[in-house]
Each structure stands twice: as C-alpha cells, then as structure tokens.
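Visitor: Sharing a structure with you now.
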Amino acid sequence: MFLFYLRPRRLKGLSLSLIVLSTLLILLILGRSSLLAASSSDLPAGQKPNVLLITIDTLRADRLSCYGSQRPLTPNIDRLAFRGALFRLAVAHTPTTLPSHANILLGTTPVYHGVHDNLNFVVADDFLTLAEYLQKNGYETGAFVGAYLLDHRFGLSQGFKTYDDNYSRPHGQKLANLERPAEEVVGRAMDWLRDRQAPWFLWIHCYDPHDPYDPPEPFKTNYAQDPYNGEVAYVDASLKPLLELVETDRLRDSTIVIFTADHGEALGEHGEETHGFLAYNSTLWVPLIIVGPGIKPQEIFKLVSHVDLFPTICELLSLPKPESLQGLSLVPLLEKKRLPSRQIYFESLYPYYNRGWAPIRGFYQESLKFIDSPIPELYDIKKDFAERQNLIRSGTVAKYKAQLSSLMADLTGTQAQAGATKADRERLEKLRSLGYVSSQPTANTEVFGPEYDVKTLLPFNNQAVMAIVLYQQGEKEKAIKILEDIIKQCPQLDNAYSNLAIIYERENKLLKAIETLELGLARLPSSYEFFFNCLNLYLNAGKIDEALEFFAKRSPQFPRAVTDPEVLNLIGLAYAQKGELKKAIEIYQTALAQDSRYAPLLSNLATAYYSLFLQTRERQAWQNAMEKYKQAIEVDPNYAQPYHGLGMIYRVSGNLEGAIFCWEKALELNPELDPAYYSLGQAYMEKGDYKKALAALRVYQKRRGQSLSSEEKNRLASLIKACEEKLKER
C-alpha cells in the first residue's frame, strides 16, 4: 500500500511524559478533526483571506513525519499538517522544476501551456497566472524564489508586483546552478509580509533539497550519512518562523496556506539517482497540505494533482474559475464530498528535449497508472505503489495509448503552446537578419525503438558517471576505455560523449574534445549541452571563425540559444576578439536584455566599450565602460576581471591610485590574472615605488615569459632592468 502511518512505540520503559506525548501524537493522527476543528473560524463579512503558497523543490512526501517518516525531520511542517487537510495521494504532472511550477501557477498541464522542461522554455505572457488573477481581484502579490530555474526571465513573474530572485551570482558558476538557502528566501519573504496589508498572495519557493545535497551546519553533521534528509530538516527549520507567524492571531484565521513540492526525488529507485528522467511515483508523488479558515483537519485519500490548486483557491476565495483552468476544485473533498473520476496526465520530457531520448507520457486513473514509452508500463498503484510489477500486456497497449492520445487532445485546447517560444523566434529572426545565424531548425525524430527508452539508457548513463569518478581517482586510461566502449555499444548516450570530452579538455586536448562533441551532436542533434560545450571549446582553442560558423549553423535548432546569456556572451566575445567591436556590443546588449545581472557579460561588454574608446576616443564609450565595470563588481564583488578593467579606465583618466587599488584587488581575488601584474608593475614605476614594481614584473615574467613575442620579451626586460638600476641608485 502507498499509505503511511506513524505506529505507536512500545510503552515498556517509557516515562509517563513520553507515554502522554505518544498518546497525543496518535490522537492527532487518528482524531484530528475532533481535536482541531474548533480552531477555525469564519472571516468577517467582506474580508478576503490571504493566500500563502509554499513550494519545496525535490521534496519526497515520505520524508515528512505526517506522511509516515519514522525520523522526526519536519516538526514544523507536521504541525501545519495537523491543523489542516492532508492529501495522501497528490501527484505532479512533471518531475522538473519550471514545468511543475507552471502547472501550479497556470492551472493547466504542459500539453496546454507548452512548458515541458527547465531552461528550454518560457511561459508565454498571454497565459493567465494565479498571481495575475488575484492581483486583478485586489490582492497584493509577492514571490520569493530560491533558484535560477525560476528566474523572472522564464515568465512566472507575471502578476507579481514583487518577484524576488536576487540570489548571489558568482562569476564562476553556471547560471542554471544559481540558488540561495531557504532561510534567506524565508527571511526576505517575512520582511515583505511585515508591511503588507490584507489581502495578499505570497509564493515562497525553497530549493535546498535539490541535488547536490549539502545542508549547512548543524544539519551537515547530524545527517552526514543522509545529506538529502539533512536538506529536508534544514528547510523545515527555516520555515519555522514563517509558520509560527501564520499561526498568530493576526493571520491564523485569515490566511489560506497551501504547502506542496514541485516533484520528488528517486534516490536510487528504479536506477534513477535524482529526478527528471523517469516518471515513477518516487518523483511524481508530492506532499499537499491545505490549511485555512473553515478547513477542518482531515486526511484525504483521493488522487489529486497540481492543476487542482488554482481552481481550489478560486473556490476558497469565492472567485469565479477562469475558463482556461484544467483542474478540479478540491473544496468538495474538504467538505467530505466526491470528485468525478478522471485521468491525470503526466510527462517526463527532459531526456527528449535535451538528450534525444524517447519521451515519457502517461496518465493516472484511480488505481491504475499507464506509462507510455517504447517499453510501456501499467501499474496498480493501490497494490504496488513502488511500481515493481508491470501489468501491461501486448493486447492492451493500443487501448491505453488511445486513451492517452484522447486525453492529450482534450488538454491541448486552442491556445496550447501559443507564444511559448514566440520571443525566441523573434530574437532568432533578428539575429538571422544581422547575419549571425543562417540555417533552419531540424526537427527531433518522433520514432523511437526500445534502444531509446530511458529505462534502457539509464544504466549506461550511470556507467558514464562512474568513468568520471575513475578519472578523478587517476585511472585516466581506464575511464577513457569505458567511455569509448559505451559510445560503441550505446551511441544514443549523451553522457558518454560529454564525459569523454571533459577528460580530453582537462588533458588539454581541446581539438580531441571538440571532435568528440561534434560526433555526439551528429548522433544526438537535440543535445543543447553538446552545442554549448562545443562552442565554448572552439573559443578556448582560439578557433574564432570556426566558433562563429558553428553557431550560425547549429543555433537555429536550439531556440534557447538566442536567449541564453551564456551563449550570447560567448558570441560577443568571439566578435570582440575578431575586432568587430560594434557587433560584439550589440550581441552583449541582446544578452543583457535577458539577464542584466550576469557579471561576466557586464565585464565583457565593458571591455568592448573600452576597446572601442581606444579606437575612437569617444567619451561615451569610455563612460559606458566605466559604468558596466562598476555594475559587474556590484553584481559579483569577488570577480577579479572587472577590477582589472576598471583599473585600466582609471589609469587612462589619470587616477593612478585608483588604478593601483583596482589591480591589487584583482590579484587578491585571482592571483592568476597575469595582465594585472604587468599593469601594476608599470603603475608602481610611475609612482616611483620600484621595489613593488620589480616584484610585480618578475611575477609576470615568470608566469608569461615563455609565451611572449620577442618584442614583448624585450620590452619586459627593459622595464625590469630600469627598476633594478633605480634600486641600485638608492
């Protein structure tokens, strides 16, 4: 069975206080209505309830004590559950972050809104969000999110007057990996709440249980053997002040609280370590708790889903349900009534869009779950919630496939996917008109055999991961052999190409790495990772023209590329290195329209402006360079590159002290930033501090001497000799 309960401990040897505590806990679980119903009260006439939506990323329901965990990880969430409705069988429609939150906030499935994966999609502005709807009905709206996957650029900020995605942005980290801890998210949300007048709608998203699992102390030590549980316990502790606030007299009887997760985590079940590949209950089953005025404490065993939350909120607020919504209000269940039988759609398309593997789609209907893939599956989730016994028979596959097709047709609607990539297409056409891209996109294949099934490919994927571990342990040849064998046996596996290219890159065999990724891209043309990494390698290898040719040829098949700040930053850098500064600046500005807080982009744009100033002596270019360098430093104070550039600006303007300060700061942050030693040496010479000048120039000579031209070597030797002579004179 999929249902979990806390079992009372044996009483022998327990103190009286523990016996009482255990008894109370059992009563809370078995008799929650009678104990807690009296705490709810109706709001005064005309007063609208507040709405608090809490979504925890990657949270398995079975890690909460109220869902059966035998380890007390979540006392604060459990306390919330004891005063509201707990849904025993709530499911997500997708096992990835952005689509799941789109399902919740739009009240529609991916088949309708067209957002199927993280990063590759944007919520179109012609869809109605929950925040927009509540804002139109007099609500103040605020959102506080914990990770870049929900950055405002992906469209879920629509309707939120405040959308706080201000996580720290270290320059060395990929944008997709940016996150901030739960206590920071909750703290900022509570600051927003303190000055808020009712009614308000607040969405809080905590990302921490997502991999890699690295909770802060004391959770790191306390859960050293199970860091995922440590992340869950940390999030619960971080939520404590917020949940205590909504239990105060001021908010308890005037606030609807909805607590859920975007998806779960496999933790090794079915061979899946994390999530996003398969579509089993380990990643689709989510907790769902609803608390609010008039909602009696109870447990509900009906199958429900994320798209039901928007219509539920509408009914709880006595607002009409927008026609676009595809879920059902859960209020009848809260009132002990029934919901009609239905099918609940789900999908897992990360492997399809990013790796070229077969798509996974399916539906729940009462106790049955059908998973459509090249190797189809059918489970009775009442008897087999862990999905160990596949009940599908060849004669029944066509029937369930037909039901799925009919369900998807019903969910599609007339607006489906309208505008989901409209902005991408517009930017693609702009770049094509400027001559930066040329060819048309190539469609993914839609015919997949069992060899493309995710279940087939995951074991090879795990082997490819182990090969990298072996390489890190010094087993280079063994790792390469494993990856080469995987590519021969399973040419559909992207991870084998990626990891082999990583090894070649670390061994400074850049052309071999490029060759590996080009081969992978030929076999898996939908792999965005291959596209990005290959472009980056071309630039690192100094193959500028090849990089631009590669981008022009390949980018049209990746709509994300024309909006990805990291990709556009590379293209701008390529044009800058070719000396086409105005083209570079135009590309950088296009990227900044997507992300104005990307420090490498700001720094590179500043450098392009500075180079343009050196060519033209236009004061506006000089001012733009200074402004962008300062913005880059403001975004990421630990980024050395903009300090070096700002030092150049100060030096040109005659501010020698300012220049020295910037170059010293740059080297403090990055001692390997070689040009700063040379600039600093010249500045100290001009200042008359020949000892410091000599030290800086000698470091530069040691680090870069072999790569300099004869002219540069002679110039450097002259400067060093001049410093030595000045010091001898003293």
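The values are calculated or read from the model by the stated rules, or taken from the named source; none is laboratory data. Quantities reported herein were computed from a predicted structural model and do not represent experimental measurements. As a convention, Cβ positions derive from the backbone with ideal geometry for all residues, glycine included, and neighbour counts pool all protein chains shown. Surface areas here come from the heavy atoms of the whole protein model, side chains and all, with no ligands, DNA or RNA. Shrake-Rupley method; radii C 1.70, N 1.55, O 1.52, S 1.80 Å.
Visitor: Looking at region 71-95, which of its residues are polar (S, T, N, Q) and either under 13 Å from residue 306 (Cα atoms) or at pLDDT below 95 (or both)?
Guide: The one that is polar (S, T, N, Q) and either under 13 Å from residue 306 (Cα atoms) or at pLDDT below 95 (or both): 94.
Visitor: Based on this model, can you work out whether residue 519 counts as modelled with pLDDT of 95 or more, open to solvent by 40 Å² or more (accessible area, probe 1.4 Å) and either within 20 Å of residue 354 (Cβ to Cβ) or touching a helix residue (DSSP H, G or I) at 6+ places or on another chain (Cβ under 8 Å) (or both)?
Guide: Details: modelled with pLDDT of 95 or more: yes; open to solvent by 40 Å² or more (accessible area, probe 1.4 Å): yes; either within 20 Å of residue 354 (Cβ to Cβ) or touching a helix residue (DSSP H, G or I) at 6+ places or on another chain (Cβ under 8 Å) (or both): yes.
Yes: the conditions hold for residue 519.
Visitor: Among the residues of region 304-316, is there at least one that is open to solvent by 40 Å² or more (accessible area, probe 1.4 Å) and either in contact with a Lys or Arg (Cβ under 6 Å, 6 or more places away or on another chain) or assigned to a helix (DSSP H, G or I) (or both)?
Guide: yes
Visitor: Could you say whether any residue in region 648-658 is closer than 14 Å to residue 606 by Cβ, open to solvent by less than 30 Å² (accessible area, probe 1.4 Å) and not basic (Lys, Arg)? Please lay out each step first, then the result.
Guide: Let us first name the residues in region 648-658 that are closer than 14 Å to residue 606 by Cβ, namely 648-650, 652.
Checking which are open to solvent by less than 30 Å² (accessible area, probe 1.4 Å) leaves us with 649.
Cutting the leftovers down to not basic (Lys, Arg) gives us 649.
Yes, there is a match, as at least one residue in region 648-658 is closer than 14 Å to residue 606 by Cβ, open to solvent by less than 30 Å² (accessible area, probe 1.4 Å) and not basic (Lys, Arg).
Visitor: Ok, one more. When region 268-288 is examined, which residues are found to be surrounded by fewer than 19 Cβ atoms within 10 Å (Cβ to Cβ), not acidic (Asp, Glu) and not in a helix (DSSP H, G or I)?
Guide: 268, 274, listed by residue number.
Visitor: Shifting gears a bit: Which number in (1) without any contact (Cβ under 8 Å) to a residue 12 or more places away in the chain; (2) surrounded by 18 or more Cβ atoms within 10 Å (Cβ to Cβ) marks the one condition that residue 323 misses?
Guide: If we test residue 323 against (1) without any contact (Cβ under 8 Å) to a residue 12 or more places away in the chain; (2) surrounded by 18 or more Cβ atoms within 10 Å (Cβ to Cβ), just (2) comes out false.
Visitor: Go through the residues of region 387-398 one by one and say whether even a single one is open to solvent by less than 20 Å² (accessible area, probe 1.4 Å) and free of Cβ contacts under 8 Å to residues at least 60 places away in the same chain.
Guide: Within region 387-398, none of the residues are open to solvent by less than 20 Å² (accessible area, probe 1.4 Å) and free of Cβ contacts under 8 Å to residues at least 60 places away in the same chain.
Visitor: Now for a separate question. Looking at (1) open to solvent by less than 40 Å² (accessible area, probe 1.4 Å); (2) farther than 16 Å from residue 75 by Cα; (3) among the hydroxyl-bearing types (Ser, Thr, Tyr), which is the one condition that is false for residue 260?
Guide: All conditions are met except number (2).
Visitor: I'm trying to understand the selection: among the residues of region 89-132, which are over 21 Å from the mean Cα position of the chain (by Cα), assigned to a helix (DSSP H, G or I) and farther than 27 Å from residue 300 by Cβ?
Guide: 132
Visitor: Separate question: In region 700-707, is there at least one residue being open to solvent by 60 Å² or more (accessible area, probe 1.4 Å), within 20 Å of residue 592 (Cα to Cα) and without any contact (Cβ under 8 Å) to a residue 12 or more places away in the chain?
Guide: No, the conditions are met nowhere in region 700-707.
Visitor: Within region 578-599, is even one residue more than 23 Å from residue 494 (Cα to Cα) and of a type in the set (Phe, Trp, Tyr)? If you could, list the steps in order and put the result at the bottom.
Guide: Taking region 578-599 and keeping what is more than 23 Å from residue 494 (Cα to Cα), we get 578-599.
Narrowing the set further to residues that are of a type in the set (Phe, Trp, Tyr) leaves 588, 598.
Yes: one or more hits.
Visitor: Same structure again: For residue 78, which of the numbered conditions (1) farther than 30 Å from residue 176 by Cβ; (2) of a type outside the set (Lys, Arg); (3) touching a residue at least 60 places away in the same chain (Cβ under 8 Å) fails to hold?
Guide: Just one mismatch for residue 78, condition (3).
Visitor: Among (1) among the hydrophobic types (A, V, I, L, M, F, W, C); (2) farther than 30 Å from residue 359 by Cα; (3) touching a strand residue (DSSP E or B) at 6+ places or on another chain (Cβ under 6 Å); (4) surrounded by fewer than 24 Cβ atoms within 10 Å (Cβ to Cβ), which single condition is residue 291 missing?
Guide: Going through the list (1) among the hydrophobic types (A, V, I, L, M, F, W, C); (2) farther than 30 Å from residue 359 by Cα; (3) touching a strand residue (DSSP E or B) at 6+ places or on another chain (Cβ under 6 Å); (4) surrounded by fewer than 24 Cβ atoms within 10 Å (Cβ to Cβ), residue 291 breaks only (4).
Each row is one residue, and each column tells you yes or no for (1) in contact with a Gly (Cβ under 9 Å, 6 or more places away or on another chain); (2) open to solvent by 80 Å² or more (accessible area, probe 1.4 Å).
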residue: 661; (1), (2): yes, yes
residue: 665; (1), (2): yes, no
residue: 673; (1), (2): no, no
residue: 688; (1), (2): no, no
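Visitor: Same structure, new question: Just to confirm my filter: which strands (runs of 3 or more DSSP E) fall fully inside region 133-244 and include at least 3 residues that are open to solvent by less than 10 Å² (accessible area, probe 1.4 Å)?
Guide: Here the list reads 140-144, 200-206.
Visitor: Here is a check on your reading of the model: is residue 512 out of contact with any Phe, Trp or Tyr (no Cβ under 8 Å at 6 or more places or on another chain) and either free of Cβ contacts under 8 Å to residues at least 40 places away in the same chain or crowded, with 21+ Cβ neighbours inside 10 Å (or both)?
Guide: no
Visitor: Could you please find all residues in region 171-211 being over 21 Å from residue 58 (Cα atoms) and aromatic (Phe, Trp, Tyr)?
Guide: Correct list: 192, 200, 201.
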